[in-house]
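The values are calculated or read from the model by the stated rules, or taken from the named source; none is laboratory data. If you're wondering where the values come from, they're calculated on a predicted model, not measured in any experiment. Protein only, heavy atoms only, side chains kept; ligands, DNA and RNA dropped before computing areas. Shrake-Rupley method; radii C 1.70, N 1.55, O 1.52, S 1.80 Å.
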Amino acid sequence: MKRNRLPCMNEVLQPSPAVKQPKLGCCPSLSQTHLCAALLDWGNLPHHVVLHVFQYLPLIDRARASSVCRRWNEVFHIPDLWRKFEFELNQSATSYFNSTHPDLIQQIIKKHAAHLQYVSFKVDSSTESAEAACDILSQLVNCSIQTLGLISTAKPSFMNMSKSHFVSALTVLFVNSKSLSSIKIEDTPVDDPSLSILVANNSDTLRRLKMSSCPHVSSDGILCVADHCRGLRELALNYYMLSDELLLALSNETHANLEHLRIDVVSENPGQTEFHSIKRESWDALTKHSPGVNVVMYFFLYEEEMETFFKEETPVTHLYFGRSVSKEILGRLGLNCPRLIELVVCANGLQVIDNELICIAEHCKNLTALGLSECEVSCSAFIQFVRLCGRKLTHLSIMEEVLIPDDVYSLDEIHTDVSKYLGRIWFPDVMPLW
């Protein structure tokens, strides 16, 4: 049977005599193959194209790609590729993230330290990773770093290492980098003397300093920075560092206009911390000198610890309450926070805050964002709040459990009027059921 079928198959496979066969020497498909091969020669790609591709690759993939050909290896060592770099330091026993290989770290320090400008260290919760980051910092002696970030992905591991080791490594960088403009060293054991070294070597260039949760820095230490770094535009710190003297220093006529001031108000010893007050005159001096400054405050206090705050006018623009806040404090916001732009209340217990919310809408004319959770607001009061704010309320995140039905509105009806006043479709947020 198979032998009988072969002739039929041959007939099908034989070319038609009407079709003229091209000569082998001038086959167009063959010349096209050579052309495509030439076009697909990745080794001939322009340097700037390979450089652009390399910038999207993780370091380990970039290193492997550099061994493909000589041209790619040349691109691998172009200084522009090393201006921004993030060291990832993790212990395999405590983290699932990949860590920068030690051999690559040494190659970077040896060949590219002078090119580094924007550097960050991302470490896990282990003390060993924090110490490894400091070991790298202490070797960056021939560099001109402009931005530095020390980031703990879990627990603040830098706080668990030797303070002298950390300060010594940071001092090396502060002394050798004369052009630091942005520093993020939150949750670290940095201290006043190391800040003095920072100021002595980088006072003309420093623009941003984020150092919340740095218990070894005093109000005098941060005041030294404000006095000498006249170009400072962004500052993040804990409330205990804030003082009238600091605000007046930031308001000096020779100081640049401050753009962003973040203040974390945290209770170190719940029930035992007494918070100092800031004079209204100091706040007024700041807003007069820097009228566009954003004053952001994060509160992580218990209700009984908040008595000090908002008794006088406070120029806060963004306000976040991470714990339960009383009706009294919310009532003060409407009366004493006329610059308020964003308000987030995570909890208020089971007290209805209708009057407080309406007072905020009537007096805080710049309010554009509100978030409420674990509070209670009647549907009618909420509708009135939205009507007063109108379409300027661009962000409205309200959990469905917050809204209490009344004689006028039910939960099924409320979204219609809210959508009308906002000028867009709106529904309350619903807690997912997993």
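Observations, loosely collected:
- Multiplying the residue separation of LEU350 and GLU259 by 0.36 nm and subtracting their alpha-carbon distance yields 29.0 nm.
- DSSP bridge orientation in segment 82-189 - percent antiparallel, rounded to nearest 5: 0 percent
- Over the chain, accessible surface divided per residue gives 53 Å², non-protein components excluded, 1.4 Å probe.
- Of all accessible heavy-atom area on the chain, the percent that carbon and sulfur account for (1.4 Å): 54 percent
- Contact order for segment 285-341, expressed relative to its length and based on alpha carbon pairs under 8 Å spaced 6+ residues apart, stands at 39 percent.
- The count of lysine pairs in segment 82-189 with alpha-carbon distances below 23 Å, taking only pairs 8 or more places apart or on different chains, stands at 15.
- Segment 130-190: relative contact order as a whole-number percent, Cα under 8 Å and 6+ apart: 52 percent
- Averaging the sequence gap over all C-alpha pairs within less than 8 Å and six or more residues apart, then dividing by the number of residues, gives the chain a relative contact order of 6 percent.
- Cα-based helix-to-principal-axis angle, 379-389 vs the chain, degrees rounded to 10: 80 degrees
- C-alpha long axis of helix 354-363 to longest principal axis of the chain, angle in °: 80 degrees
- Under 17 Å from LYS288, Cα to Cα: lysines that are on another chain or at least 8 residues apart: LYS279
- Stokes-Einstein diffusion of the chain at 10 °C, 1.306 mPa s viscosity, Kirkwood radius from Cα pairs, rounded to a whole number: 60 µm²/s.
- Under 17 Å of direct C-alpha separation, and excluding same-chain neighbours fewer than eight residues apart, LYS365 reaches these aspartates and glutamates: GLU313, GLU342, GLU356.
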